[in-house]
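This report refers to the structure that appears directly beneath it.
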Amino acid sequence: MSRVPPPHVPLCYQRRKKVIEKLKDWALLVGAQPESIRNGSVYHPYRPDSNLFYLTGFTEANTVLVINPLLEKPVTLFVQPKDLEKEIWDGFRFGPEKTKELFLIDQVYTIDELPTKLPDLLSNVSGVYHRFRKDPKLDQIFLDTLDKIRLKKGRTGLGYLPIKDANQFLGEFRVIKSQEEIEIQRQACNISAEAHLAVMRYVKPGMNEREIHGYFIYQLLKLGASREGYGTIVAGGANACTLHYVFNDQNLIDGQLLLLDGGGEYFLQTADITRTYPINGRWSYEQSQVYQGVLKIQKKLIDMVKPGVTWKELQDQAVTWLCELILDLGLLPGRVEDMISSGSYRKYYPHGVGHFLGLDVHDSGLYIDPITNQSRSLEPGMILTIEPGLYVPAHDESPFRGIGVRIEDDVLVTQAGHEVLTKLCPKDPDELSQIIGH
Ligand code: GLY
Ligand code: MN
Ligand code: MN
């Protein structure tokens with residue numbers, strides 16, 4: 001059965017116009033993320049490439065986009081050919097003609113034509129933006145092309161075309177979200193908040209982490225997400241202290257906490273929400289102390305989010321407040337200043353305060369000014385996570401051992417300050433107690 005392009009193809013057209021303006025006399029090369037083998041002849045489910053999707057709305061693998069602003073037809077896409085035989089096995093392909101028409105592309109060729117066409121497409125530019133090591137096959141074709149272009153210059157002494165990183169270049173377009181992107185992000189956040197809420201109602205002691213994982217994905221998909229935006233973390237008890245816990249296969253024990261870090265994708269933009277709560281709905285004294293401490297810090301950090309505040313200010317403040325909490329809980333002795341200068345707090349808080357969010361969970365965009373090396377200020381239209389946490393390893397001496405808490409929300413920077421896009425996801429401890437298991 002044939003498929004239709006996503007509704008924001010015209011938006012992609014506008015994005016390309018802006019990119020073309022900024023490129024001036026440079027070209028841009030964007031290849032699709034290659035498919036990856038899972039085992040034997042089976043592939044991992046294909047997740048379309050974020051940059052390619054951003055600029056075209058096109059989601060097939062084996063695709064390469066070339067933009068050369070100096071050409072009369074600046075935008076060229078290389079795609080898989082129509083092949084009804086192959087499509088019986090692997091599904092629908094648009095093919096060159098339909099892609100040109102439906103995705104508003106200037107010219108479309110089949111992917112096997114790339115090596116012969118690329119030298120002409122890049123021959124008159126001053127440089128090329130490309131991200132190496134994403135697709136080794138494309139790297140090889142690109143390097144061969146650079147050789148051909150250099151050799152064509154004859155005995156001029158001119159070397160290879162200069163190359164800059166395409167991801168950094170495109171990151172600066174993606175980091176400020178348009179109204180349309182904000183609306184898509186809102187959907188991703190609403191779906192994900194609702195899926196978290198459904199898990200809170202469902203969870204019971206004795207269930208396995210994998211059952212919760214499956215139930216969370218079921219809720220995301222039922223609500224309209226296309227997939228998880230990243231590997232969901234379902235961590236019972238001390239598993240929460242493994243920051244990127246991947247196993248999701250242990251039984252949930254009565255009296256312990258559950259940390260669920262998960263978000264769904266909507267038109268490839270993902271939410272990123274973490275909630276932590278008691279599996280049986282009742283907070284122990286120690287759990288409540290840690291949770292209330294982290295929650296207070298998380299709310300204060302969210303309150304800081306507004307245009308002009310820098311990532312460093314947010315990070316430094318998170319560290320200071322978490323050090324104070326570490327002292328209050330008696331996890332470490334001494335003074336906050338010493339904990340910061342020695343870095344001893346990292347035993348309990350080893351990660352960053354948050355990150356940009358969008359088509360990638362750790363979205364593109366610079367965190368520093370590349371010239372001054374200074375931390376970047378937030379601007380309206382940016383979307384970021386705020387996710388402080390405290391993790392007391394199971395082997396710790398303190399009565400808080402085995403408790404890991406992270407609370408993570410997605411925040412849009414607005415002219416006036418901010419809007420929490422994940423506010424539908426409960427985090428008040430009493431409210432959580434009311435919801436869990438009911
Ligand atoms: N879920 C990945 C992160 O929070 O950064
Ligand atoms: Mn995150
Ligand atoms: Mn997360």
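The values are calculated or read from the model by the stated rules, or taken from the named source; none is laboratory data. All figures in this text were calculated on a predicted structure; none of them were measured in a lab. Counting neighbours? That spans all protein chains shown, and the Cβs are built from the backbone with ideal geometry, glycine included. With ligands, DNA and RNA removed, areas are computed over all heavy atoms of the protein, side chains included. Shrake-Rupley method; radii C 1.70, N 1.55, O 1.52, S 1.80 Å.
When Glu408, Glu397 are screened for being free of Cβ contacts under 8 Å to residues at least 40 places away in the same chain and of a type in the set (Asp, Glu), only Glu397 passes.
Against the condition within 16 Å of ligand 1 (Cβ to nearest atom), of a type in the set (S, T, N, Q) and in the same structural domain as Leu257 (by TED's automatic domain parsing), how does Thr372 come out, does it pass? No, not satisfied.
For segment 333-360, residues that are more than 30 Å from Glu181 (Cβ to Cβ) and either touching a Phe, Trp or Tyr at 6+ places or on another chain (Cβ under 7 Å) or crowded, with 20+ Cβ neighbours inside 10 Å (or both) total 4.
When the test is whether a residue is touching a residue at least 40 places away in the same chain (Cβ under 8 Å) and away from ligand 1 (no atom under 16 Å from the Cβ), Val413 passes it.
Only one of the numbered conditions (1) touching a strand residue (DSSP E or B) at 6+ places or on another chain (Cβ under 9 Å); (2) open to solvent by less than 10 Å² (accessible area, probe 1.4 Å) is not met by Gly281, and that is (1).
All conditions but one from (1) touching a residue at least 12 places away in the same chain (Cβ under 8 Å); (2) surrounded by fewer than 22 Cβ atoms within 10 Å (Cβ to Cβ) apply to Cys323; the one that does not is (2).
Counting only strands (runs of 3 or more DSSP E) that fall entirely inside segment 8-85 and contain at least 1 residues that are of a type in the set (Gly, Ala, Ser) and in contact with an Asp or Glu (Cβ under 7 Å, 6 or more places away or on another chain), the qualifying elements are 26-31. Residues of segment 241-293 that are within 12 Å of ligand 3 (Cβ to nearest atom) and among the aliphatic types (A, V, I, L, M): Leu243, Leu259, Leu260, Ala271, Ile273.
If I filter segment 169-191 down to residues being more than 24 Å from Leu223 (Cβ to Cβ) and of a type in the set (A, V, I, L, M, F, W, C), which single residue comes out as most open to solvent (accessible area, probe 1.4 Å)?
Among those residues, the one meeting the criterion is Ile176.
Within segment 134-154, residues that are over 24 Å from Thr63 (Cβ atoms) sit with their Cβ atoms under 8 Å from residues that are surrounded by 14 or more Cβ atoms within 10 Å (Cβ to Cβ) and at pLDDT 95 or above, at 6+ positions apart or across chains, in these pairs: Arg150/Leu161; Lys152/Pro119. Put simply, of Leu223, Leu268, Leu257 the only residue that is away from ligand 2 (no atom under 16 Å from the Cβ), surrounded by 23 or more Cβ atoms within 10 Å (Cβ to Cβ) and touching a residue at least 40 places away in the same chain (Cβ under 8 Å) is Leu257.
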